[in-house]
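This report refers to the structure that appears directly beneath it.
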Amino acid sequence: MKALPVGTDALLVEVASGEEAQALLADLLRRRAEGSLTVREIVPAARTVLLDGLSDPARLAAELTSRPVPPVPPRTAGTVEIPVRYDGPDLADVAAHWGVPEAEVARIHADAEFRVAFCGFAPGFGYLTGLPARYESPRRSTPRTSVPAGSVALAGPYTGVYPHPSPGGWQLIGTTDVVLWDPTREPAALLSPGTRVRFVPVAPTGPAT
């Protein structure tokens, strides 16, 4: 673990993996909640955690780097369930990359237990980990100029759900009607770092008769 000063009252903590970043985040959030850590913001990323608004960054840096990263805490209640129709335009490509039938992509993805590693790219967009490494998926060679809101997508080790229409190069495997970002809601983001997520398959919506 490395702790690098950022300005006068912040630290950027670097760890070796996404799993360690999630474990460190959980520990720092726990300490802030119990009052043993005073910090204005805790911002996780793929392999770093930024702590902003520290009164003594040097002391905390020495403390963090003197001990191992704590383990990820055990699973708790409060999992967010996201209904998804596995009808994405890249489902066949992902199935071919994985070497499985298309229906098996849905089963594998829905069976996984995900956790929001960090958020970014757009308000409400969470980078979810949980798929075994053998199911990592490459980004599309040519990104789309517009991806519909609610698209469930894969890229590298991550799953994400597009909260708004936007350009994107992830592999689209499904769609959901869940609102990921709503400024009138408190909190506005459905997903935040550390949130556990399950995708629940639902039948595709057919044409009206």
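The values are calculated or read from the model by the stated rules, or taken from the named source; none is laboratory data. Bear in mind that the values here come from a model prediction, so they are computed numbers and not experimental data. No Cβ is skipped: glycine too gets one built from the backbone with ideal geometry, and neighbour counts run over all protein chains shown. Side chains included, ligands, DNA and RNA excluded: accessible areas come from the protein's heavy atoms. Shrake-Rupley method; radii C 1.70, N 1.55, O 1.52, S 1.80 Å.
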For this session: Might you report the magnitude of the Cβ-based charge dipole of region 5-105 about its Cα centre, with Lys and Arg at +1 and Asp and Glu at -1, to the nearest 20 debye?
Result: 520
Seminar exercise, completed: The rounded separation in angstrom of the Cα centers of region 136-174 and region 70-132 is 12
Exercise. How long is the gain from Ala62 to Glu81 if the chain were fully straight, where each residue apart is worth 0.36 nm and the alpha carbon distance is subtracted?
Worked result: 2.9 nm
For this session: Tally up the carbon and sulfur contribution to the accessible surface of the chain as a whole percent, 1.4 Å probe, everything protein left in place.
Result: 56
Exercise. When the dipole is taken about the Cα centre of the chain, and only Lys, Arg (+1) and Asp, Glu (-1) are charged at their Cβ, what size is it in debye, to the nearest 20?
Worked result: 180
Seminar exercise, completed: Computed on Cα atoms, Rg of region 1-74 relative to 2.2 N^0.38 Å comes out at 0.98
For this session: At a temperature of 10 °C and a viscosity of 1.306 mPa s, determine how fast region 73-209 diffuses translationally according to Stokes-Einstein, using the Kirkwood radius over alpha-carbon pairs as Rh; express D in µm²/s, rounded to the nearest whole number.
Result: 105
Problem set entry | With all protein chains modelled, accessible area of Asp177 [1.4 Å, Å²] | 120
Exercise. When the convex hull of the C-alpha atoms of region 118-184 is computed, what volume per residue in Å³ does it have?
Worked result: 85
Exercise. In percent, what relative contact order does region 56-209 have, based on Cα pairs under 8 Å that are 6 or more apart in sequence?
Worked result: 31
Exercise. Given the Cα-Cα distance of Arg31 and Ala103 and 0.36 nm per residue of separation, how much length would full extension add, in nm?
Worked result: 21.6 nm
Problem set entry | Per residue accessible area of the chain, 1.4 Å probe, in Å² | 51
